[in-house]
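Take a look at the structure below.
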Amino acid sequence: MPDRTEHQPRRFFVNDNGSSRRPVDLALAVLGTLVAVLSMLAVANPPGQLDATVRAVAEDLPDWVANVFDAVYALGAVYAVVAIVLAVATAGRRGRLMLALPVAVVISVAGVLLCSFLVGAGWPDLAPDPVKASSPDTFPTVRVAATTAVLLTLRPWLVLAYRRLSISIVVVLCIAAWIIGTGGPTDVIGALGVGMAAAGVALVLVGSPGGHPDLAQVARSLASLGVDAADLRFAEHQPWGTRVLHAVSTTAGPVVIKVYGRDATDAHRSARWWRTLVYRDQSAPDATRLQLVEHEALVTILAERAGVAVPAVVAAASALGDAVLVLGRPPTPIGSSTDIDDATLRATWTAVARLHAAGLTHGRLILDRVGMSPDGTAVLSDFAEGRIAATEAERNREVAILLIALALRVGADRATDAALAALGTEQVAAAQPYLQRAALPREVRPQPGVKETIPAVSAAISERTGVDAPPPAPIQRFGWRDLAQTALILVAAYALLSTLVGLDWQTVLDTWQHANWAWVAAGLVIAQGTAVADSISTMSAVPSRLPLWPLVQIQYGIKTLGLAVSASVGRLALNTSFLRRYGEGPSVAVSAVALDAAAASLCNVIVVALGLLLADQMPDLDLAGPGDLEKLMAALALAIVVSVVTLVAVPKLRRKIAEAVRSTWASLKVVTANPARALLMFGTNLASLLITGIALTCMCAGLNPGVSYGEAVFVVGAAALFSALIPVPGNVGVAEAALAAGLVAVGVPSGPAFAIAVTQRIATSYLPDVYGGWALRWLRKEDYID
């Protein structure tokens, strides 16, 4: 009689088999930190209407309602204690959980203390009385922070039902804290952010369960599908979020089994979100585990109908909570062969030709996915990333990848001749723009000889087809002379501002001397988030799928090139060079830069217009201004007049600006054809503006508190609009003047305003320039730019 205890699913905890560090954990830490910082900024200003309303509601609640929510408020702590007790009782099987929990608690307590001291509250009140919401003593709410940290840290070790229950309890706990008045919305949201950050950091440091089904669970799933499998074992290489196994079936022979377990849901979801963000890959962004299985089975079957040899689909279904795909085991990959003969080359390219003729692509056609059957037919396997309605660009990129992969083994001439014989001149020539190291998958890119093979393949194609490879895009270089020139401009600009406005540098130094540098450091870190937002904006303007990390480095490189030339010229040069790696021509780069600039300008105009319309409701905003403001405005007006006169007197410059305006208008007409793309572009530019506003608010909190977040966003938008009118390299001096003028307009004295403006520029422009030099070297080393 079989042992039933072995076959029973876990009641509370999942099997702790293996350690993983998911991108979602890092995202949780970053999001929690951002929420906590925003809450601190809100507490640093007078309580808002929402906090006052919640406090008034709490005061008017009947006693029995307060008692009910008191009990609900205690529920979260009780649940967390019970979960900890159960975890301790099974500590022998969950050693990492016993380390992750205290780490999360310590980080949450440290985060509460840090937040409380940063807002000037000192030691937080551990047990605040009801109806004491939104006072400094209650920020952040300690119990909410600690309980959230514990429950979110426990979550990866819990089965699906209890994971959902944990999230529900966190939400109920926050609502109860608001209702009974132990913390206002700002206090509770700040505590929630601290708890999220603590849990995310703990899970990244310690790791969490892999969430994979074990052999016994896979055997039960296969039995429920009627698939007999003997010699069940795990494959040597395991992809993220999927269990791959090998077995032998009496009916189907050797098989490969892919299992998407219910405990791996988070891993699959985070992996899909990560690919959607990093590569804008929309192949299956919202697919369930079963849909992923069905997708691979469908592409495999369609490829077989197109005449391509593929592994047989034995089963594709959901079983006992797992999504299971069973395929016939493919032959040994040609990537493991010591020699690839001409017959293998012909058979491989013939299979690719049939696949593409049917409108399909494999998605990751490397040598490990190609095998040879005994009759000499090429067998393509693993269609998990396959496309059913593939675009021409996707087909061309796939040809380029396989060309490079084969050329590394057999040489450029043999690989090119075999491809031309099967695909024809036109399709092979169309793959030339994708013969770039940046366009290669991670399995091929680091192989030795890639840099030498790419130009060899390109030369072979050009020689045989007569089609030349696209020329490289020139990039403006800069050296010590450019840096010295920028330094002189910076000194001259600051001297001019000091003379015109009458700034006392001693006042600026005194402001820095008495600064709260913790807030300044927070602003410096937050300001770097604009690079990610700007990168996603570029991705939304280009049809090709682009990787996120190189684009982030491009943003820093643009800042560094901006020291030698204008930022728009540097952006155009870098984008042109980078996009060429993905088969896009210079016109696409021009359109992308124009679209991005237009979207950013539109965001700035909307923010400034809203700020002016709501000026009557902004108590610290005085556009009439004192004498300091009038001097600053006079300096800005003088700069505008000089720019207009220069524009009128120099026809060449006037023609360039007219061409830029026409290009922007044409690009806007293109993007409006895709509302989703236009919305993403506008949203990311708005996000960049809002992130810069958060950074400026942090700088103000550290140097001269009293500027609200709304006022900071208004100042950033207005300063960006003005800086765009004067094409000075790096906006040196111009941006500082515009920021200082805006800060004076919202009530900051001129000395602290200039100190804040300089500090903000150091965080957003000058320090990133230092890193940008390294970013440019890295981009060239990795062959992302010329």
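The values are calculated or read from the model by the stated rules, or taken from the named source; none is laboratory data. What you see is a predicted model, and the numbers here were worked out from it, not measured in a lab. Please note: Cβ atoms are built from the backbone with ideal geometry, for glycine as well, and neighbour counts cover all protein chains shown.
The table below gives the values:
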| quantity | calculated |
| --- | --- |
| Matching residues, the range 693-712, being touching a Pro at 6+ places or on another chain (Cβ under 8 Å) and surrounded by 21 or more Cβ atoms within 10 Å (Cβ to Cβ) | LEU703 |
| Qualifying residue in the range 404-413 (condition: under 23 Å from SER577 (Cβ atoms) and at pLDDT 90 or above) | yes |
| Residue that is more than 20 Å from ILE526 (Cβ to Cβ), touching a helix residue (DSSP H, G or I) at 6+ places or on another chain (Cβ under 9 Å), assigned to a helix (DSSP H, G or I) and modelled with pLDDT of 75 or more, where the choices are VAL65, VAL103, VAL85, VAL78 | VAL103 |
| Hits in the range 220-232 - residues which are over 12 Å from PRO254 (Cα atoms) and either surrounded by fewer than 16 Cβ atoms within 10 Å (Cβ to Cβ) or in contact with a Pro (Cβ under 6 Å, 6 or more places away or on another chain) (or both) | ALA223, SER224, GLY226 |
| Yes/no for GLY359 being outside any helix (DSSP H, G or I), among the small types (Gly, Ala, Ser) and at pLDDT 90 or above | yes |
| Selection from the range 203-225 of residues that are assigned to a helix (DSSP H, G or I), more than 30 Å from VAL326 (Cβ to Cβ) and in contact with a strand residue (DSSP E or B) (Cβ under 9 Å, 6 or more places away or on another chain) | VAL206 |
| Members of the range 419-461 that are in contact with a helix residue (DSSP H, G or I) (Cβ under 8 Å, 6 or more places away or on another chain), of a type in the set (Gly, Ala, Ser) and within 19 Å of ALA393 (Cα to Cα) | ALA419, ALA422, ALA429, ALA430, ALA431, ALA438, ALA439, SER458 |
| GLY747 outside any helix (DSSP H, G or I) and farther than 27 Å from LEU546 by Cα | yes |
| Subset of the range 334-352 [within 20 Å of ALA400 (Cβ to Cβ) and either surrounded by fewer than 20 Cβ atoms within 10 Å (Cβ to Cβ) or modelled with pLDDT of 90 or more (or both)] | GLY335, THR344, LEU345, ARG346, ALA347, THR348, TRP349, THR350, ALA351, VAL352 |
| Residues (hydrophobic (A, V, I, L, M, F, W, C) and surrounded by fewer than 18 Cβ atoms within 10 Å (Cβ to Cβ)) located in the range 369-392 | ILE388, ALA389 |
| Filtered residue count, the range 748-762, keeping only those that are buried (at least 24 other Cβ atoms within 10 Å of the Cβ), among the hydrophobic types (A, V, I, L, M, F, W, C) and touching a residue at least 24 places away in the same chain (Cβ under 8 Å) | 5 |
| Wholly enclosed helices (runs of 4 or more DSSP H) of the range 384-478 bearing at least 2 residues in contact (Cβ under 8 Å) with a residue 60 or more places away in the chain and touching a Phe, Trp or Tyr at 6+ places or on another chain (Cβ under 6 Å) | 392-410, 412-423 |
| Single match in ALA412, ALA390 (criterion: touching a Ser or Thr at 6+ places or on another chain (Cβ under 8 Å) and over 20 Å from GLY307 (Cα atoms)) | ALA412 |
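Condition check ((1) of a type in the set (Lys, Arg); (2) at pLDDT 80 or above; (3) on the phi < 0 side of the Ramachandran plot; (4) surrounded by fewer than 20 Cβ atoms within 10 Å (Cβ to Cβ)) across all residues:
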{"position": "THR530", "(1), (2), (3), (4)": "no, yes, yes, no"}
{"position": "SER540", "(1), (2), (3), (4)": "no, no, yes, no"}
{"position": "PRO543", "(1), (2), (3), (4)": "no, no, yes, yes"}
{"position": "TYR556", "(1), (2), (3), (4)": "no, yes, yes, no"}
{"position": "GLY562", "(1), (2), (3), (4)": "no, no, yes, no"}
{"position": "SER566", "(1), (2), (3), (4)": "no, no, yes, yes"}
{"position": "THR576", "(1), (2), (3), (4)": "no, no, yes, no"}
{"position": "TYR582", "(1), (2), (3), (4)": "no, no, yes, no"}
{"position": "ALA594", "(1), (2), (3), (4)": "no, no, yes, no"}
